[in-house]
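What follows is a structure written as structure tokens; I'll ask about it next.
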Amino acid sequence: MRTILEANSKPNCKFQILSNPEFLAEGTAIADLFSPDRVLIGSLQTQEGKDAAVSLAEVYAHWVPRERILTVGLWSSELSKLAANAMLAQRISSINALSAICEATGANIDEVAHAVGRDSRVGPKFLKASVGFGGSCFQKDILNLVYLSESLHLPEVAAYWRQVVEMNEYQKRRFSKRVVDTLFNTITGKRIAVLGFAFKADTGDTRESAAITLVKDFVAERALVNLYDPKVPHEQIWLDLAEAMPVTPAATIQKQVQICGSALEACKNAEAVVIATEWKEFREIDWETVYAGMNKPAFVFDGRMLIDVEKLRDIGFKVAVIGRGERL
Ligand SMILES: NC(=O)c1ccc[n+]([C@@H]2O[C@H](COP(=O)([O-])OP(=O)(O)OC[C@H]3O[C@@H](n4cnc5c(N)ncnc54)[C@H](O)[C@@H]3O)[C@@H](O)[C@H]2O)c1
């Protein structure tokens, strides 16, 4: 941008380029904006560049405490944005990698995450195991870091960060395989209710959502999928599924997938319920009614660790939760 502006600017007209990455997360964007952990402003380390950074810092200073406004070099600023997202995603991939060990050993990932997070050097945030991270930022920013590392002839660094994305893909595959394995190694013709399609609760955004991969895997295994999400528009779901399964005819997808108007409707006559997004309303589902309407044995696979496992087992469900090793 700087090269283009400098080549085309009129005499006496000077530009400075600042890097000012934003750190708003979906669902909490306004709160993040009003009360940011930090504001990052990168500039060239020339006098003009530093002056431009100070001008922008003064705008933020109207509502952000000075010590939270960081003025740094251009590359530091750009790299810090990628690094922040890469390290957040790395925490999720680390806890998800441990969730596989928990399932194999009988350990409980909630207990492990809690114990690890109590170490003040590690901290408790972003240690929730799940069916995998999604959203528009994490994967894109890590792959950006991978690309940058490769361009800079740092293949080991590129491979290190790529593994965070690969672990995420593995987690999604592992979860859908667990569903198939548990349902006696085949889900052909079986009805599976998938609750949630957004990549996280409180948003209708489906970009990189783990639910897309799950539904794709279930359709490939010739299951019948009943989908329900409180927020995602139906057209978006069809678009995402068509994009995820480019060689599967639309008629096949629409024959195998049905979009439902409520969680209860989706679960009716299903063999299994799969929780893909941590919507609050899924915590308040009337599981007794769900159980009565399902085929038996009735299975619940919790990819977000939101159900009360003991309560569901008492009702009669067979329950499998990410990162819990109890045998069904
Ligand atoms: N969304 C945007 O438009 C945007 C724009 C610029 C920058 N960013 C940056 O990208 C980051 C990611 O934003 P986002 O909107 O994808 O939201 P996010 O960080 O809340 O969610 C990303 C993923 O992490 C998972 N996750 C959230 N909390 C978790 C926890 N405690 N433990 C384990 N997993 C957890 C979510 O389920 C989701 O799959 C933001 O923090 C922000 O710094 C976002």
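Share of the chain's accessible area from carbon and sulfur, percent, 1.4 Å?
55 percent
Still on this structure: Under a 5 Å amide H to amide H cut-off, with H placed in plane at 1.01 Å, what residues pair with Val225 once short-range neighbours are removed?
Hits under the 5 Å cutoff: Ile192, Val257, Gln258.
Restricting things to alpha carbons, find the Rg to Rh ratio for the chain using the Kirkwood radius for Rh. Numbers along the way, then the final one.
On the way: Rg = 23.3 Å, Rh = 22.1 Å.
Ratio of gyration radius to Kirkwood radius for the chain: 1.05.
Extent of the range 78-166 along each principal axis, from alpha carbon coordinates, in Å, largest to smallest?
So the three principal-axis extents are 42, 27, 23 Å.
So what is the calculated 222 nm ellipticity per residue for the chain, using -39500 (n - 2.57) for each DSSP H run with n of 4 or more, over all residues, to the nearest 500 deg cm²/dmol? Write down the numbers at each step before the final one.
Numbers: 13 runs with 158 residues, N = 328.
Result for the chain: -15000 deg cm²/dmol, rounded to the nearest 500.
When the gyration tensor of the range 161-270 is built from Cα positions, what are the square roots of 5 times its three eigenvalues, in whole Å, from largest to smallest? Display every interim value, and only then the final one.
Numbers: eigenvalues 78, 66, 41 Å².
Largest first, the range 161-270 gives 20, 18, 14 Å.
While we're on this one: Highest mean first, how do 25-37, 195-207 rank when packing is the count of other Cβ atoms within 10 Å averaged over residues? Kindly include the intermediate steps, with their values, before the conclusion.
Values: 25-37: 12.5, 195-207: 21.5.
The packing order, highest mean first, is 195-207, 25-37.
I'd like to know which of Leu5, Ile92, Thr252 lies farthest towards the positive end of the charge dipole of the chain, counting +1 on Cβ of Lys and Arg and -1 on Cβ of Asp and Glu.
Ranked along the dipole, the leading option is Thr252.
Relative contact order, percent, of the chain when contacts are C-alpha pairs under 8 Å separated by at least 6 residues? Intermediate results must be reported in sequence, preceding the final value.
On the way: 544 pairs, mean separation 49.2, N = 328.
RCO, the chain: 15 percent.
Expected output is a single nm value to one decimal: the length gained when fully extending between Glu166 and Glu22, i.e. 0.36 nm times separation in residues minus the C-alpha distance. What is it? Can you show the working numbers first?
Values: separation 144, 0.36 × 144 = 51.84 nm, distance 2.58 nm.
So the chain would gain 49.3 nm between Glu166 and Glu22.
If the chain between Ser9 and Arg38 were fully stretched, how many nm would it gain, using 0.36 nm times the residue separation less the Cα-Cα distance? Could you put the intermediate results ahead of the total?
Working: separation 29, 0.36 × 29 = 10.44 nm, distance 3.28 nm.
Working it through step by step, the gained length comes to 7.2 nm.
Please identify the DSSP H helices in the chain that span no less than 30 Å along the helix axis (Cα) and have a mean Kyte-Doolittle hydropathy of 0.5 or more. Could you put the intermediate results ahead of the total?
Numbers: long enough: 74-105 (47 Å, 0.54); 155-182 (39 Å, -0.99).
Result, helices passing both filters: 74-105.
With each label point set 7 Å from Cα along the Cα-Cβ vector, what nm distance links Asp308 and Thr289?
Result for the modelled spin labels: 1.7 nm.
Here's something else I'd like to know. Excluding ligands and nucleic acids, what accessible area in Å² is computed for His114 using a 1.4 Å probe, to the nearest 10?
Near enough 110 Å² of accessible area.
If you don't mind, there's one more thing I want to ask. Report the antiparallel proportion of the DSSP beta bridges in the chain as a percent, rounded to a multiple of 5. If you can, show how the numbers build up before the last one.
On the way: 2 of 27 bridges.
About 5 percent, rounded to the nearest 5.
Under 10 Å, Cα contacts only: if you run a Gaussian network model on the chain, which one of Leu82, Leu152, Leu127 comes out with the highest mean-square fluctuation?
Leu152
With a Förster radius of 35 Å, plug the Cβ-Cβ distance of Lys231 and Met87 into 1/(1 + (r/R0)^6) and report the FRET value to the nearest 0.05.
0.75
How many nm separate the modelled label positions at Val116 and Ile315, each set 7 Å beyond the Cα in the direction of the Cβ?
So the label points at Val116 and Ile315 sit 3.1 nm apart.
Rounded to the nearest 0.05, what FRET efficiency do Ala250 and Ala220 give with R0 = 22 Å and r taken as the Cβ-Cβ distance? Could you check? Working shown, then result.
Details: r = 15 Å, r/R0 = 0.70.
In this case the efficiency is close to 0.90.
Which of the trypsin sites (Lys or Arg not before Pro) across the range 22-103 are loop residues per DSSP, with 14 or fewer other Cβ within 10 Å? Don't skip to the end; give the middle numbers.
Working: sites: Arg38, Lys50, Arg66, Arg68, Lys81, Arg91; in loops: Arg38.
Passing both the DSSP loop test and the Cβ count: Arg38.
Place the peptides 308-317, 10-19 in order of packing, highest mean first, counting for every residue the other Cβ atoms within 10 Å and averaging per peptide. Could you put the intermediate results ahead of the total?
Numbers: 308-317: 14.7, 10-19: 11.7.
Order by mean packing, descending: 308-317, 10-19.
Quick one: Cα centre-to-centre distance for the range 1-23 and the range 160-186, in angstrom?
45 Å
Another question, then. Excluding residues on the same chain fewer than 8 positions from Lys81, give the lysines whose Cα lies under 16 Å from its Cα.
Within the straight-line limit of under 16 Å, Lys81 reaches these lysines: Lys140.
Give, as a single signed number, the net charge of other residues whose beta carbon lies under 10 Å from the beta carbon of Gly42, with Lys and Arg counted +1 and Asp and Glu -1.
Details: positive: Lys81; negative: Glu78.
Net charge in that neighbourhood comes out at 0.
Could I ask something else about it? Along Cα→Cβ, 7 Å out, is where each label goes; now give me the distance between the ones at Lys140 and Ala159 in nm to one decimal.
Placing both labels 7 Å beyond Cα along the Cβ direction yields 2.9 nm.
For the cross-link pairs Lys216/Lys296; Lys10/Lys50; Lys128/Lys255, which exceed 26 Å when the distance is taken from alpha carbon to alpha carbon? Walk me through the intermediate numbers first.
Numbers: Lys216/Lys296 24 Å; Lys10/Lys50 22 Å; Lys128/Lys255 35 Å.
Those over the limit are Lys128/Lys255.
Something else about it: Considering the dipole of the range 2-77 built from charges on the beta carbon (Lys and Arg +1, Asp and Glu -1) around the Cα centre, which of Tyr60, Ala31, Leu18 is farthest to its positive end?
Highest projection toward the positive end goes to Leu18.
Still on this structure, please answer the following. Specify the residue with the greatest mean-square fluctuation among Gly303, Gly134, Gly42, computed from a Gaussian network of the chain linking alpha-carbon atoms under 10 Å apart.
Comparing Gly303, Gly134, Gly42 in a Gaussian network model of the chain, the most mobile one is Gly42.
The values are calculated or read from the model by the stated rules, or taken from the named source; none is laboratory data. Nothing here was measured: the structure is a model prediction, and the numbers come from that model. With ideal geometry, Cβ positions are generated from the backbone for all residues, glycine too; neighbour counts draw on all protein chains shown. Surface accessibility is based on the protein's heavy atoms, side chains included, excluding ligands, DNA and RNA. Shrake-Rupley method; radii C 1.70, N 1.55, O 1.52, S 1.80 Å.
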